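Quick notes on the structure that follows.
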Amino acid sequence: MGADGTHRLQVHAVEQVVVRLAGDSGDGMQLAGDRLMVSSARYGNAFATLPDFPAEIRAPAGTLAGVSAFQIQLADHPVRTPGDEADVLVAMNPAALRSQLRYLKPGATLIVDSDAFDERNLHKAGYADNPLADGELVGFSVLKVPMTSLTLAAVKETGARPREAERAKNFFALGLLSWLYGRPAAVTLEWIAERFAKVPQVAVVNRLAFQAGLAFGETAELVEATATVAPAPLPPGTYTTISGNTAMAWGLVAASELSGRPLFLGSYPITPASDLLHELSRLKRFGVRTFQAEDEIAGVGAALGAAFGGALGVTTTSGPGLDLKAETIGLAVSLELPLVVVDVQRAGPSTGMPTKPEQGDLLAALFGRHGEAPVPVLAPRGAAECFTMAIEAARLALTFRTPVIILSDGYLANSSEPWRLPDVADLAPIPVELASEANATAPDGRAVFHPYQRDAGTLARPWALPGTRGLEHRIGGLEKADETGDISYDGANHERMVHLRAAKVAGIAAAIPHAVVDDQEGARLLVVGWGSTAGAIAAAVEGLRRRGEHLAHLQLAHLNPFPANLGDVLRRYDRVVVAELNMGQLVSQLRATYLVDARLISKVQGVPFRVGELTEALLGELGSLAQSTGVPERVSTAGEVVA
Amino acid sequence: MSVLDGPPLEVPVTTRKDWTSDQEVRWCPGCGDYSILAAVQMLLPELGVPRENVVFVSGIGCAARFPYYMETYGIHSIHGRAPAIATGLAVSRPDLDVWVVTGDGDGLSIGGNHLLHALRRNVNLTILLFNNQIYGLTKGQFSPTSEAGKVTKSSPFGSLDQPFNPVSLALGAEATFVARTHDMDRKHLMATLRRAHEHRGAAFVEVYQNCNVFNDGAFDGILSRDRRADNLIPLVDGEPVRFGAESEWGVVLTDGEARIAPVAEVGEEALVVHREGREDPSVAFALSRLAAGPTTPTPIGVFRAVERPDYASLVSDQIAAAQNRQGRGDLAGLLRSGQTWEVAERR
């Protein structure tokens, strides 16, 4: 209250805020989070999200196992992570509160549905006493809001059944958050009208609940201040919100359009890759053929069969499925046919933690086949980059006639970020040359077709499609004689073929970009990451630089072959530290390949790196580096080594 | 498909030689595979299919060498996976004529799952399962069709496994075309393969094939010349099921079970009249259970041939329908299909 008795709400401008929503799996927290993201995006904020849901579809209501959470960081400047700890938690029941407290900043604001804190729910969450009453939440700013009863009251006029009405409480929570952060209500209202156009009753219920949340914020005087996060200065253009899985699916469609090769997806449902199958199954208007196979092996087998027929063959999976596909990927290495394998990594081994990300499949992708079976491996560094990496994978597969593995992960797959849409006209075409005539002469003088007569530049073999008269040929998993492709058990020929296949994949280094380091004058330490850890590492590096530290950052997207300049880059620094969500798979490769004494920052908790923990670990490395060598003898500047 | 566009080329007249590749055939001398290869190479010139449109896909095993010997397109793939690989090819290229050659180990053991699903989906494939009731290429272990009690290197005290009946299995897997033939009768073999090839959808043909090295004479009880009349039950569409030198034996259905009876005893009108086109596969299944193995009278010929849209056509129809309804896909439109917003140039 102001001195004159009027209510003066203060509005603080903040640079960023991290909001976390948590409730039962069935409470619609992912949906509410999604809508908060979209209205914030439309408002102009930069953002990054992290859905965090259980593997169980609907664990028993009210239990810790059933809690589904969604975190979003909104900012007035580009952000690269969903934020380490939340400023605000919306908790729809005691289990959500109890399981999520550890993700909060000290002093964070808790908005709880006080209606849900009855004895039964408290018991299910393992609370002996009501934490809202017993002082357990000291240090947090707690807003007790009877969201369920307020929602029921707000929608009473519609005559909706109580169960139906109660389901709208996520929209109440969204309304309250929208008020708290000044989000544009119109964006959400329009969406509700559009999304539920066919079920007007639901549309009305959700609208009323949302408006009640907004109104409650306005009138309840719960807080003394709301916050605004100003729009971020993003480059001009048309933006959309994109998740890694959607970007990947669209990238595969784009690759098909750019190459003129029809897209064939053979896939078997598996978390967290199924959305790739779902999205591509919708896109039949692009001529996409999706095949939900009887198992993982059939998925990749069908994709390879389609590739023999001239399609861009793709299979999508997660770790356990990659294991099952190994033999067929080896066959693709031997047949030298294009194939794209998308592995959306999850915590392993075995079934592991299906909804939790990990970078544990790198060595499996590089080496998880018997025999000498090299395969190019790519790792997108952000949700939007899944689009370009899908195109890149197809380009390499089609150009070099090889299977290519893309390593995404559960975090990239489901997290969203703003994406400035590319101009489709700027996407480079993928030229594909098909064999149309004989390419060799038989001893008797006849013109014949040799399926393993390679292109001198790429070492790719010709792709002769069935239906092409005169180019009939047989290929298989047995070792082939160089050039003719006939079966051969000759040891010298086998060695030649092993070397040719290896040289072909190694030669891809000439067709991919050099590693580009985000360098800084005076940096002696290089932190290297790959794939989805890009945002967290970059944020840690930026934070350390603001504190006066000097360090450089390289985030690899090409993991086989490595960029041609990688060895030179690594050797420029006194210390190389690799941060990865596994036990050191990339670091082992860098050490083995380049003989650099690279060190490891490892995490295997089924969650992405937090910026804070990376910062701490890097500070430790910087400190020990300063101690071990005193004054730097060598100073690296961008791209140059100064003696 | 750039090189494949344009008017269809005329199908040249060919002979067996045109379908024979230059590769040396490396099956054991006396193997039943030779006669099946010959039958296929003799049949193809009669089918009027352009050679460049024919693809043979195989897995692993003796039978799986088949594609190397055909002057067509071909893939010798990995163990058990030929139906899956062929499915991808047939679905993405409905213009092709795709054959799968497999064996009892490849098709019913390691690859059993893929075979079942190719059949139930009715993928347009001609599937030949060479059944010799033994593992040949790995030198003589029992297979999923070996009789119980079979003594082999891996079952020195006798196999404990109940064997599959491939025809029963295919019928149970919703196959639209199921037939059985054998390697000792080229005429029957070619006629059966011709029927299988004509069928639109998945056509499954079990071919009894002698492995003269590891399981010689497995089918002698029914296939040796002097025993065929009394032990092979020819299935002829629209005809009563009967056999024997004088057609003195017939098949009757009692309580849903097929049984062999002397015609003189039961009367001709009591015999089952074979109808390939019965929607319900129960009678065909009952016929497939007449013999527990190739030691007692066994039906050969077409058990079932019914019409059902083939899988690739359904896939193509769905794409055409989507394109009719939504128009052809437009990439720029796709990228804008979510929630979008404009960020203006800063001033």
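Values in this text are rule-based calculations from the coordinates and carry no lab data. Quick caveat, the model's predicted, so the values are computed rather than measured. Neighbour counts run over all protein chains shown; Cβ positions are idealised from the backbone, glycine included.
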Ratio of alpha-carbon Rg to the 2.2 N^0.38 Å globular estimate for the stretch A:11-228, to two decimals, please. 0.95
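Give me the Kirkwood hydrodynamic radius of the stretch A:525-629 in Å, from all C-alpha pairs, to one decimal place? Mind dumping the intermediate values first?
Working: mean 1/r = 0.0723 Å⁻¹.
Roughly 13.8 Å, rounded to one decimal.
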Tally the DSSP beta bridges in the protein assembly as shown and give the antiparallel ones as a percent, rounded to 5. 35
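Is it possible to state the helix-based mean residue ellipticity at 222 nm for the protein assembly as shown, with each DSSP H run of 4+ residues giving -39500 (n - 2.57), the sum divided by total residues, to the nearest 500 deg cm²/dmol? What is it? Can you show the working numbers first?
Values: 31 runs with 330 residues, N = 990.
After summing the helix terms and dividing by residue count, I get -10000 deg cm²/dmol.
In the calculated pair distance distribution of the stretch B:195-310, what percentage of Cα-Cα distances lie above 20 Å? Display every interim value, and only then the final one.
Working: 3033 of 6670 pairs.
Tail of P(r) above 20 Å: 45 percent of Cα pairs.
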Where the centroid of each part is defined by its Cα atoms, how far is the stretch B:64-140 from the stretch B:321-347 in Å? 42
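Hey, got a sec? Which GluC sites (Glu not before Pro) in the stretch A:4-94 land in a DSSP loop and have at most 14 other Cβ atoms within 10 Å?
On the way: sites: A:E15, A:E56, A:E85; in loops: A:E15, A:E56, A:E85.
Loop-located and lightly packed - A:E15, A:E56.
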proj_area_mean for the stretch A:240-426 (convex hull on C-alpha atoms), units nm², value 9.3
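Once R0 is set to 51 Å, what does the formula 1/(1 + (r/R0)^6) return for the Cβ-Cβ distance between B:R200 and A:D323, expressed as a FRET efficiency to the nearest 0.05? Spell out each step's value before the answer.
Numbers: r = 37 Å, r/R0 = 0.72.
Here the calculated transfer efficiency is 0.90.
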If the reach is capped at under 14 angstrom between alpha carbons, list the aspartates and glutamates near A:K480, excluding any in the same chain fewer than eight residues apart. A:E336, A:D490, A:E495
Cα centroid distance between the stretch A:478-524 and the stretch B:184-221, in Å? 44
With springs only between Cα atoms under 10 Å apart, run a GNM on chain B and tell me which of B:A175, B:A332, B:A203 wobbles the most. B:A332
Given 20 °C, 1.002 mPa s and a Kirkwood radius over Cα pairs, the Stokes-Einstein diffusion coefficient of the stretch A:197-295 in µm²/s is 118
With N set to the number of residues, divide the alpha-carbon radius of gyration of chain B by 2.2 N^0.38 Å and report two decimals. 1.15
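What is the local net charge at A:D323, summed over the other residues whose Cβ is closer than 13 Å to its Cβ (Lys, Arg +1; Asp, Glu -1)? Each step should come with its number before you reach the end.
On the way: positive: A:K325, A:R346, A:R369; negative: A:D295, A:E296, A:E327, A:D343, A:D361.
Once all neighbours under 13 Å are counted, the net charge is -2.
Restrict the search to the stretch A:488-591; then list the GluC sites (Glu not before Pro) that DSSP places in a loop and that have at most 11 other Cβ atoms within 10 Å of their Cβ.
Numbers: sites: A:E495, A:E521, A:E542, A:E549, A:E580; in loops: A:E521, A:E549.
Filter output for the stretch A:488-591: A:E521.
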May I ask what percent, to the nearest 5, of DSSP beta bridges between residues of the stretch A:11-228 are antiparallel? 50
Tell me, how many Å apart are the Cα centres for the stretch A:422-437 and for the stretch A:598-623? 41
Neighbouring Cβ atoms within 10 Å as the yardstick, rank A:T271, A:T315 fewest first. A:T271, A:T315
Rounded tilt (10° steps) of B:82-92 against the dominant C-alpha axis of chain B: 40
Tell me whether the stretch B:148-192 comes out rounded, prolate or oblate; compute the Cα gyration tensor, take square roots of the eigenvalues as a ≥ b ≥ c, and use a/c under 1.5 as the rounded threshold. oblate
Listing A:M583, B:M70, A:M29 by rising number of other beta-carbon atoms within 10 angstrom, fewest first, gives A:M583, B:M70, A:M29
Quick one: B:Y34, A:Y103, A:Y573, fewest Cβ neighbours within 10 Å first, how do they rank? B:Y34, A:Y103, A:Y573
Calculate, axis by axis, the spread of Cα positions in the stretch A:142-255 along the three principal axes, and write the results as whole Å, longest axis first. 51, 38, 22
In 20 Å bins starting at zero, report the fraction of Cα pairs in the protein assembly as shown per bin as a rounded %. 12, 36, 31, 17, 4, 0
Please report Rg (one decimal) and Dmax (integer) in Å for the Cα set of the stretch B:69-161. 15.1, 50
Dipole magnitude (debye, nearest 20) for the protein assembly as shown, charges at Cβ of Lys, Arg, Asp, Glu: 740
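Can you flag which of B:K17/B:K153; A:K169/A:K284; A:K325/A:K356; A:K325/A:K504; A:K105/A:K169; A:K124/A:K144 are past 31 Å Cα-Cα? Can you show the working numbers first?
Details: B:K17/B:K153 40 Å; A:K169/A:K284 36 Å; A:K325/A:K356 21 Å; A:K325/A:K504 22 Å; A:K105/A:K169 25 Å; A:K124/A:K144 20 Å.
Beyond 31 Å: B:K17/B:K153; A:K169/A:K284.
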Counting only DSSP beta bridges fully inside chain B, the antiparallel percentage to nearest 5 is 35
